[in-house]
Amino acid sequence: MPSTVCRLLLLCLLPRLGVLAGDEGGKYSRAKNENLSERDTGEFRIQKLNQVWEKAQRLQLSPVKLAELHSDLKIQEKDELNWKKLKAEGLDDDGEKEAKLRRSLNVIMAKYGLDGKKKSQTDDNNFIKDGSQDDISDPRLEKLWNKAKASNKFSEEELENLWREFLHHKEKINEYNILLDTVSRTEEIHKNVINPDEHEVKEDFLHSKHADLKEKLRSINHGFERLRKLSHEGYTSSRDFNEPRVNDLWEMAKDGNFSDSELESFKEELKHFETKIEKHQHYQKQLEISHEKLKHIAETGDKDHLKKSKEKHSMLTDKIKELGYKVKKHLQDLTSRVSKNGLNHNEL
């Protein structure tokens with residue numbers, strides 16, 4: 001009789017054990033992608049970020065791009081770990097923060113060509129410098145750029161600064177398009193469910209996403225008008241900042257409800273931030289040079305020289321990862337402060 005009971009218990013448990021095994025198995029299972037694993041020895045503590053990182057390495061992105069991606073994924077990792085704590089405390093019931101994290105990862109994937117969509121092999125730098133187009137370029141930008149190059153109103157240094165503003169504007173358009181696509185797909189899902197109450201998506205959530213879109217579009221239109229004016233008139237007066245990201249923050253702050261003393265204090269911080277960005281860009285250029293030297297030395301077969309070059313290349317890569325993370329984290333913090341400290345959103 002006891003043996004019969006044991007056999008019955010085993011028969012009941014086997015399907016359950018199979019389900020558990022199925023839940024844990026598979027490269028893209030929920031456990032693999034969402035849960036942290038103490039045994040995980042990857043670059044990141046979240047498996048799905050490791051998969052993105054491994055894909056980027058397989059695609060052989062340039063050393064600078066890989067270092068930049070590493071910094072972006074570190075920021076994403078930090079935000080996701082913070083979200084897990086919030087979720088455990090029941091502070092993301094509407095799922096808005098989780099949706100924001102998904103959008104953020106989508107932006108990163110698209111930015112580095114890891115989203116599976118076809119992308120021109122033309123480097124972003126060449127798009128602006130040579131006036132060539134790829135599949136996501138804006139003909140209006142190309143027209144303005146060609147006009148600026150032919151105007152003889154810019155020194156070589158000013159033309160380089162203008163190019164960075166064009167590239168920054170293009171990146172903002174990309175981010176807007178990704179967000180627009182995400183919101184459109186979310187709306188389609190919401191529209192097709194039989195009982196919308198059963199779905200996580202809520203009307204107020206979609207409304208907030210439309211507000212995000214409107215704000216981003218306002219920023220894009222403001223930026224395009226600035227580029228149009230610059231392309232026609234040149235840099236007619238001394239600028240507060242050369243770096244486009246810093247200029248964006250400064251314009252946002254001036255449009256806000258800051259007092260004069262707060263604005264002056266924020267401007268000083270932006271100057272320090274711009275210096276940090278310039279330092280990061282300096283090391284990026286050094287890494288590009290190092291990478292070219294390394295390829296050349298590898299062809300000559302000089303082992304001692306190759307060893308030293310590899311060490312320098314590795315040092316520069318680590319430095320860029322460190323600086324890149326600090327720059328992106330600082331930008332995130334400054335943007336958050338500007339958004340919260342009394343910005344006037346009446347236009348929304």
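Calculate the FRET efficiency for Ala211 and Ser265 from the Cβ-Cβ distance with a Förster distance of 25 Å, rounded to the nearest 0.05.
0.30
Provide Glu215, Glu311 ordered by accessible surface of protein heavy atoms (probe 1.4 Å), highest first.
Sorted descending by solvent-accessible area, the residues read Glu311, Glu215.
If Glu175, Glu98, Glu299 are ordered by their accessible area, calculated over protein heavy atoms with a 1.4 Å probe, which sequence runs from highest to lowest? List each step's numbers first, then the result.
Details: Glu175 75, Glu98 55, Glu299 150 Å².
So, going from the largest accessible area down, we get Glu299, Glu175, Glu98.
Rounded to a whole number, what % of the accessible area of the range 201-326 do carbon and sulfur atoms account for, probe 1.4 Å? Spell out each step's value before the answer.
Values: 3790 of 7680 Å².
Its accessible area is 49 percent carbon and sulfur atoms.
Under a point spin-label approximation (7 Å from Cα along Cα-to-Cβ), what is the Asp333-Leu294 distance to one decimal in nm?
3.0 nm
If the chain between Asn146 and Glu160 were fully stretched, how many nm would it gain, using 0.36 nm times the residue separation less the Cα-Cα distance?
Gain on extension, Asn146 to Glu160, equals 3.7 nm.
From largest accessible area down, sort His313, His282; use a 1.4 Å probe on the protein chains.
His282, His313
The values are calculated or read from the model by the stated rules, or taken from the named source; none is laboratory data. Predicted, not measured: the structure shown is a model, and the values here were computed from it. Here the Cβ is made from the backbone with ideal geometry for all residues, glycine too, and neighbour counts use every protein chain on show. Keep in mind that these areas ignore ligands, DNA and RNA; they rest on the heavy atoms of the full protein, side chains included. Shrake-Rupley method; radii C 1.70, N 1.55, O 1.52, S 1.80 Å.
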